[in-house]
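Note sheet for the following structure.
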Amino acid sequence: MEQTLKITNVLSDPTRYYIYQYITKRHKDVTVQEIADNFSIHPNVARLHLSKLEDVNMLVSETKKTGKGGRPSRLYRLSDDVIQLHFPYRDYQLLAKIAMETMLELGEEGRKALYSTGKKFGRELIQQELKRFAGTEKLTFDQKLNILKHAADMSGFQPEFDANAEKTIVYFQIYNCPFKEVAARHAEPVCNMHYEYLKGMFESLFDSIQLVEKQNMLTGCDACSYQAIVGN
């Protein structure tokens, strides 16, 4: 409870909250000066906000040389610690572990059910998003990409999307895995389920889809990276 109160107190300051949001979407280290410039505040004030966030383990920092001479810079990035606030207390991570291990106890049939359920939830997510476009006769590629972006944001993926000029390939990176703690113990089934979840999202929007995983953060990469070859 004491840690919960500390976290809520830190995030109660609007500037500090928006600084944390900025860093979650930055996908790389930030400096005190960068935060000061982006939020039009003095570097000492920026340093104070960053220190407060670090005190509750929402950020971590390290000192690195810039290669330009002078004093080393202190760089801040998101902590790997999971911050959860529940009133009253809930433990959904434990529930996820129990459900995962139960599913795996069922063997191959359990895995198939896990993957098909993942795809089902991916499709259902996009169906909810499509309600925003009710009455639209045919979605354009850009509208479909916008739907994917919004759905991925809502899923907490901290994503980045791009497409080739011909609009036949979608490139995207996921910088936050919502299943990371469970995936650390059950990498193969969780990552396969997530793959099917993403595939279900794309299949709800495109006539054909070939989804290829290029990088996985569980192997030490900065993000999970995918390439989707799509047919309108």
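The values are calculated or read from the model by the stated rules, or taken from the named source; none is laboratory data. What you see is a predicted model; the values in this text were computed from it and never measured. With ideal geometry, Cβ positions are generated from the backbone for all residues, glycine too; neighbour counts draw on all protein chains shown. Each accessible area value is taken on the protein alone, full model and side chains, heavy atoms only, with ligands, DNA and RNA left out. Shrake-Rupley method; radii C 1.70, N 1.55, O 1.52, S 1.80 Å.
List of remarks:
- Among (1) under 27 Å from SER204 (Cβ atoms); (2) modelled with pLDDT under 90; (3) β-branched (Val, Ile, Thr), the one test that ILE126 misses: (2)
- Annotation note: of SER204, SER208, the sole residue that is surrounded by 18 or more Cβ atoms within 10 Å (Cβ to Cβ) and under 25 Å from GLU166 (Cα atoms) is SER204.
- Among the residues of the stretch 63-80, just one is modelled with pLDDT of 75 or more, assigned to a loop (DSSP other than H, G, I, E, B) and open to solvent by 80 Å² or more (accessible area, probe 1.4 Å), namely ASP80.
- Residues being β-branched (Val, Ile, Thr), surrounded by fewer than 19 Cβ atoms within 10 Å (Cβ to Cβ) and touching a residue at least 24 places away in the same chain (Cβ under 8 Å) - total across the stretch 127-147: 0
- Here ILE19 does not qualify as in a loop (DSSP other than H, G, I, E, B) and either of a type in the set (D, E, K, R) or surrounded by 14 or more Cβ atoms within 10 Å (Cβ to Cβ) (or both).
- Scanning the stretch 200-222 for residues that are touching a helix residue (DSSP H, G or I) at 6+ places or on another chain (Cβ under 6 Å) and either within 21 Å of ASP153 (Cβ to Cβ) or small (Gly, Ala, Ser) (or both) gives GLY200, MET201, SER204, LEU205, ILE209, LEU211.
- As for the stretch 148-158, it holds no residue that is more than 26 Å from GLY110 (Cα to Cα), acidic (Asp, Glu) and open to solvent by less than 30 Å² (accessible area, probe 1.4 Å).
- Filtered residues of the stretch 159-182 (kept if free of Cβ contacts under 8 Å to residues at least 24 places away in the same chain, open to solvent by 70 Å² or more (accessible area, probe 1.4 Å) and either within 27 Å of GLY220 (Cα to Cα) or not acidic (Asp, Glu) (or both)): ASP162, ALA165
- Matching residues in the stretch 97-125 - criterion: being open to solvent by less than 50 Å² (accessible area, probe 1.4 Å) and without any contact (Cβ under 8 Å) to a residue 40 or more places away in the chain: GLY107, GLY110, ALA113
- Residue that is surrounded by the most Cβ atoms within 10 Å (Cβ to Cβ), among those in the stretch 81-96 that are hydrophobic (A, V, I, L, M, F, W, C) and at pLDDT below 75: ILE83
- When MET100 is tested against (1) part of a helix (DSSP H, G or I); (2) in contact with an Asp or Glu (Cβ under 8 Å, 6 or more places away or on another chain); (3) farther than 18 Å from GLU203 by Cβ; (4) aliphatic (A, V, I, L, M), just one condition goes unmet, and that condition is (2).
- Selected residue (criterion: nearest to LYS149 (Cα to Cα)) from residues of the stretch 211-228 that are surrounded by 15 or more Cβ atoms within 10 Å (Cβ to Cβ) and more than 16 Å from the chain's Cα centre (by Cα): ALA228
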